Every structure is written in C-alpha cells, then in structure tokens.
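Below is one structure; the comments refer to it alone.
The values are calculated or read from the model by the stated rules, or taken from the named source; none is laboratory data. Not measured: the values here are computed from a predicted model. All Cβ positions, even for glycine, are placed from backbone atoms using ideal geometry, and neighbour counts span all protein chains on display. Note: areas computed on protein heavy atoms with side chains; ligands, DNA, RNA excluded. Shrake-Rupley method; radii C 1.70, N 1.55, O 1.52, S 1.80 Å.
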Protein chains: 4
Amino acid sequence: MRADAQRNRARILDAAEAVFAEFGPRASTEEVARRAGVAIGTVFRHFPTKDDLLAAIMKRLLTQLVEEAGQRDLFAFFTLMVAQAAAKKTVADLLAGSGMNIRLPDAVGHLEEAVGRLLEQARAAGVVAAPVRLAEVMALLASVCQGALHGGWDEQLQARTLAVIFAGLKRY
Amino acid sequence: MRADAQRNRARILDAAEAVFAEFGPRASTEEVARRAGVAIGTVFRHFPTKDDLLAAIMKRLLTQLVEEAGQRDLFAFFTLMVAQAAAKKTVADLLAGSGMNIRLPDAVGHLEEAVGRLLEQARAAGVVAAPVRLAEVMALLASVCQGALHGGWDEQLQARTLAVIFAGLKRY
Amino acid sequence: MRADAQRNRARILDAAEAVFAEFGPRASTEEVARRAGVAIGTVFRHFPTKDDLLAAIMKRLLTQLVEEAGQRDLFAFFTLMVAQAAAKKTVADLLAGSGMNIRLPDAVGHLEEAVGRLLEQARAAGVVAAPVRLAEVMALLASVCQGALHGGWDEQLQARTLAVIFAGLKRY
Amino acid sequence: MRADAQRNRARILDAAEAVFAEFGPRASTEEVARRAGVAIGTVFRHFPTKDDLLAAIMKRLLTQLVEEAGQRDLFAFFTLMVAQAAAKKTVADLLAGSGMNIRLPDAVGHLEEAVGRLLEQARAAGVVAAPVRLAEVMALLASVCQGALHGGWDEQLQARTLAVIFAGLKRY
DNA sequence: AATGAATGAGCGTTCATTCAT
DNA sequence: GATGAATGAACGCTCATTCAT
C-alpha cells in the first residue's frame, strides 16, 4: 500500500471515530469523508461497506483498550473505560448492536483475555472475592460504559457508581 | 376527542410498542401504522413527529414501571427491570439516546421518586448501606438494563451480575 | 386506488415507456419521474423497484400486441411488430434480457398463443407451409424485431427482409 | 510501442472479450483489468474510454469473422455466425447498441464485403434467388444472431429457424 | 510505461413528513 | 378525523475516468 493511501486510511479512521462518536453509528459516510477531507469513493475503496468501516473503528478502539489494560489494575482499568465511554461512543453503541452487522470476535476476545488477567491479579491480591467470574465482570464493564455514555454522568456520579460495584466485587 | 380517535391513539401506541420492541427505534413509522391497522396520516395526526411517538411509548412504559415499583422491594424491582429490559427494548434504547431527541423529565422523575422510596425502605431495613444515594442506584439500574438488553445475558449471568451490585449496595 | 393515483400511475408508465424507448433500460428512474412530472418517491411507491417498472411496461406492451394480433393475419402482424420495434424499444431490449431480472411468463405466453392462432389460420389458408412450427415463427419474430430495432432499417429494407422470411414460411 | 506494452494490449483484449462475453457490456472495466492481470490505469492507457475498448474487441471479432467467411459458403457462414452468437455475446450486444457509442464502419464494411462475395457465389450456383440483395442478407444475419443470443435457442430451434430463412433465400 | 489510489457524478432506494381527497 | 398518495432530502454504494507516484 502506498504512503498516501496509508495516510488516507488513517485519516478516514480518525474522522470516522470522531464522527461516529459525535453522532452515533447512524452518521452518514459522506460526513466521514468530508471530515477526512477525501471523496466518498475513497472511503468506500478502503472500507467496501459502512459496516466494514464501523468494524475497523471498533477493532482499533478495542486494541487500544487491550494495551491500556496491560498497564493498570482491574479497578483502574474499569474506571478508565467508564471515563472514556463518552469519547468512545462508537464502541459502546456498537457493542450495543445498533442494527449493524458487525462481527469482531477476535478483538473482543483479546479484550476479554486482558480483563481476565487483571481479574486473576486482583483475586491473587485479595481485592476481589473468589467466586467472582470473568463473565459478570465483563457484563458489568459493558453495562456501566453504556450507562456512563448515555447518562451523561459527572465525575462524582461516576465515582459513586463504580464504588458500589467495586464494593460488590470485593465483598461478594 | 372522539371515541374512535381515542381508540386509534391506543392502538397506535400498542402497535408502536410492539414494533419498536421488535426492530428498535429505527423501525419505520409505516410499519407501526400497518400493525395498528390505520393509515400513516393517522399516526402523524396523533403524534406529529416520530420522536413524539417514541416519547409517548416511553412515558407509558415508565408509568407502568412506577406502578410495579410500588409492589416490590428494591432488589426485586431491580431484578424485574433487568429481566424486562429486552422485552422493553425501546425504553432502554431510547434512554440510550439512539439519535432521537426525546425529553421525558416528568415520567423519569416519577420513576426516580418510586425508586427513591424503595431505597429508603431498604436502608431502613438495613439491607442497603447508609451512604448509598439515589443517583448511583438509578445509574446502576439504567446501566444494567442496557447491558442486559444488548448483551443477550442468560439468566445465570444476569443473576451473577446483579449479585455483585447487590453485594456492593449492602456493604458499600 | 384514488383517481389521482390512478392518473399518476398511468403517467409514470407513459413516461417510462418513452424514456426507456429513447435511452434503453439503463435510463435512470429519476428521468422517468421528471418526464412524468412526479417526484421520485411516487415512482417507487407505484413500482417498488426499477425492475417492477420495466416489467409493468413490458406487460402493457405485450398486452397491446396481443390485441393487435387479433385483428390481423400472420404476415400483417409480423410486419406491424417489426415496424413498431423501434417505438417499442423496451420490449425488444428486455426480451433481449439486458441484465434485468424480469419474468413475464404470462404476458409472453398470451402473445405466443395469439401468434399460434394466426399461424393456424395461415396454414389453413395454405399461405404457410405445413411443417412450420410456432417455435420458429416466434424465434423469427423476436429476431427480426431486434434487428429492425437496432439496425435502423428503412421501410424498403424492412420490406425486403420480411419478404425473404415470408417466402421461406410459404415454401419451406 | 514497447514489447511489454504490445503484450499488455493483447492480454487486455483477451480479458475484455472473455469478461464482456460472460457479463455483457455492463461488466466493469476493473474486472477486465483484474482478469488481464494489469492495473486499471493500464487499461485506460491503451483504450482511453470503455467504448474504445469495446470497439477494439468488436473490430477483432469482426476481422475473425471475415476470415472465416472466406472459407465457407453463404449458408454455412450464416449457420456458423448464429452458432457463435452466444459465445460472442459482445458482438451481438454491441451491434445492438446497448447504450454505447461505437462506430466501426471499416470493420463492418469488410464483413459486409465478405458476405457480399459469398452471396454472389451462392447466386452463381443458383442456390439463392436473383433478386435477393446484400442488404437484407446482412439484416437477416444480424437479426438471427441477436435472436439466437438472447433467445437461448437449442440446436433444433436454431436449425428450424435458419431453415425458414434459407428456404426464403432460395425461392424468394 | 505501469500502477492503483482518488475522484465525484450518478444510481436505486428509503422514509419522515405534508396535504389533497 | 381519517386516508393514503405525493414529496424530496438523504443514504449507501458503483464505476468510468484522472493523475500522483
């Protein structure tokens, strides 16, 4: 792939992340092209369908999350994801399945593995109760991201809400 | 309002609840009219925009929830709402703000009051920790409904997830 | 169906016949709407897909042909169809299957029956040789319509070409 | 012209003949490039517009036909062309003018001359009636190729259809 | 000369909304 | 009040053509 194509692909992804974060997955592909400063055909050359574009954003965001998971403990990562939920509206919305046909088993799987490692560490450190399993941790994470995203929580509310969950994880 | 108009309004609301529950808020207004057995013009006469129709459904669903809240304790109500989340897809999706412009301060306020009463009772009974406030209870409720709706949780996962939250509420 | 809808449906069909006759089946549906003096949505309300519109034209043209067949002998009908081929470009082109997904077995079947009756009469009158079958008469008819349509034949050429075929039908 | 350019030109023509034979003239130029194993720019360097490419194929096919005409009598050539019509979908379709702007006076002229020679031989041999002229022979040829191409004739129908025309040519 | 990324007009289609009947 | 036909902006997507690399 040529250098300029590479650059355009990145610009389209950046624009798409911003546009879909702002307007949700129903924003038009034209708007993405406009924001990226390319013609509509260029978007479709890189991502043959809109769903492909959405899937590509998701994958990138999830990959970033996995990286960030490696540098934090479970509670810090939980907090970070919730704080970023609004900025990463697309992830939350698409995980929520807004009518799009997107399959990202791998990327989601990697995130789950990363969280699984954090959970084991937390259990080993005695800060999470033994019977807590990965499945409900993921469920809580997804839920609270959705909640934070759409609820327009301020920092206080976010902290208090997470405090309840963290208390539950410790003293299950 | 004429009797037949009254009747049509109710049929449209029923149809809309069913249609939007099945297909989400992106379902077409025509489909609602078809299911209600009225012409499209009649839908728009009763609800001048699609958002008005969605708001009306929401209001009705929230009112039902308030009634149900009066007959349960906090944990039971929490569990009920999560269990119904999928069936009432519309509530969750619209609370999630899928691109629609909907404001329902009153109906949401009533629900909040009802949950507030449950919270006080729970605190009085000593099954919820003193510092837990209504705001985070509502936040958790909304979040977990979203999560349950879009996550396709089975009963076990739902129970385990709620168990974490309930533990947190008790031993905050 | 309302009177105005009926009228619009007819106008759309007329416009479509003219437009597709002039530009072939690849002409845009917008152009049909423009020529009919209606908005694009109206065309799609009456004919949910472009193929439906093309099929409707075909059906109407074939029906007209069947009527005309009833009032002529085989040679006259043959001549008439060839003479009209250019004006009815769409029939010829679509019978030629220009990539469209159109099925009109009934209408085509009726035409075939009508030609079959003409053939029997012609055989009875002794102006067509006994072994000539309907299949090849239809094949010749379709072929020469195509030829006349695309070849831009003048009247003389048309007459001389048909003369060969008619001679062949008589003295097979 | 460089040797590799020469080679590319031939490969593009071969690919185009195959692609357009399979999908008709509406097949995309990209598909031709793909099949030829060259980039799309190379196709447009050799043939500045799609129509130029189609014209080039036509010319080549017509040239082949002229050669084949030299080795057969009128009836055999007629039969051959009809039999090949489907395989050479492009010729028939483009002669049919599927919206393309193509002019090939020379190549068509050469074919016409070749057929003219066959006609003279046939007349001299007494197997074609004296008044039959070249114009209607060409018209019949073009027509029946079209018919065979789009009608999906089996061998029997093709034989019977041609039999009528041949009878007409002999006993005009 | 070849590449292939970029362009952008154009297409078929949908659907919230309006308004004549 | 009810009907449902009409509207037209907007969308996802295609593809002939251009041009920087």
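Results for (1) more than 26 Å from C:Gly147 (Cα to Cα); (2) of a type in the set (Ser, Thr, Tyr); (3) open to solvent by 60 Å² or more (accessible area, probe 1.4 Å); (4) outside the structural domain of C:Gly152 (by TED's automatic domain parsing), shown as yes or no for each residue.
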position	(1), (2), (3), (4)
C:Glu30	yes, no, yes, yes
C:Arg34	yes, no, yes, yes
C:Val43	yes, no, no, yes
C:Gly70	no, no, yes, no
C:Val82	no, no, no, no
A:Ile57 meets each of (1) more than 10 Å from DNA strand F (Cβ to nearest atom); (2) open to solvent by 10 Å² or more (accessible area, probe 1.4 Å); (3) within 23 Å of the chain's Cα centre (by Cα); (4) at pLDDT below 95 with one exception, condition (2)
Of the residues in region C:33-42 that are in contact (Cβ under 8 Å) with a residue 12 or more places away in the chain and within 8 Å of DNA strand F (Cβ to nearest atom), the one that is nearest to the other protein chains (Cβ to nearest Cβ) is C:Thr42
Of the conditions (1) modelled with pLDDT of 80 or more; (2) away from chain A (no Cβ under 13 Å), the single one that B:Phe75 does not satisfy is (2)
Taking region A:1-32 and keeping residues free of Cβ contacts under 8 Å to residues at least 40 places away in the same chain, of a type in the set (A, V, I, L, M) and more than 10 Å from DNA strand F (Cβ to nearest atom) leaves A:Met1, A:Ala10, A:Ala15, A:Ala18, A:Val19
B:Arg35 fails exactly one of (1) at pLDDT 95 or above; (2) in a helix (DSSP H, G or I); (3) under 19 Å from B:Met1 (Cβ atoms); (4) more than 7 Å from DNA strand E (Cβ to nearest atom), namely (3)
- [ ] State yes or no: is D:Ala139 on the phi < 0 side of the Ramachandran plot and surrounded by fewer than 23 Cβ atoms within 10 Å (Cβ to Cβ)?
- [x] yes
With criteria (1) buried (at least 19 other Cβ atoms within 10 Å of the Cβ); (2) within 16 Å of DNA strand E (Cβ to nearest atom), B:Leu62 comes up short on (2)
Picked from region C:4-32 (must be within 14 Å of chain D (Cβ to nearest Cβ), in a helix (DSSP H, G or I) and not charged (D, E, K, R)), the residue farthest from DNA strand E (Cβ to nearest atom) is C:Ala21
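Conditions tested, residue by residue: (1) facing another protein chain (nearest Cβ under 7 Å); (2) part of a loop (DSSP other than H, G, I, E, B); (3) more than 23 Å from C:Ala21 (Cα to Cα).
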{"position": "C:Ala129", "(1), (2), (3)": "no, yes, yes"}
{"position": "C:Ala135", "(1), (2), (3)": "yes, no, yes"}
{"position": "C:Ala139", "(1), (2), (3)": "yes, no, no"}
{"position": "C:Ser143", "(1), (2), (3)": "yes, no, no"}
{"position": "C:Ala148", "(1), (2), (3)": "no, no, no"}
{"position": "C:Trp153", "(1), (2), (3)": "yes, yes, no"}
{"position": "C:Arg160", "(1), (2), (3)": "yes, no, yes"}
{"position": "C:Gly168", "(1), (2), (3)": "yes, no, yes"}
Requested in this report: Report yes if some residue within region A:42-51 is in a helix (DSSP H, G or I) and at pLDDT below 95; otherwise report no.
Outcome: yes
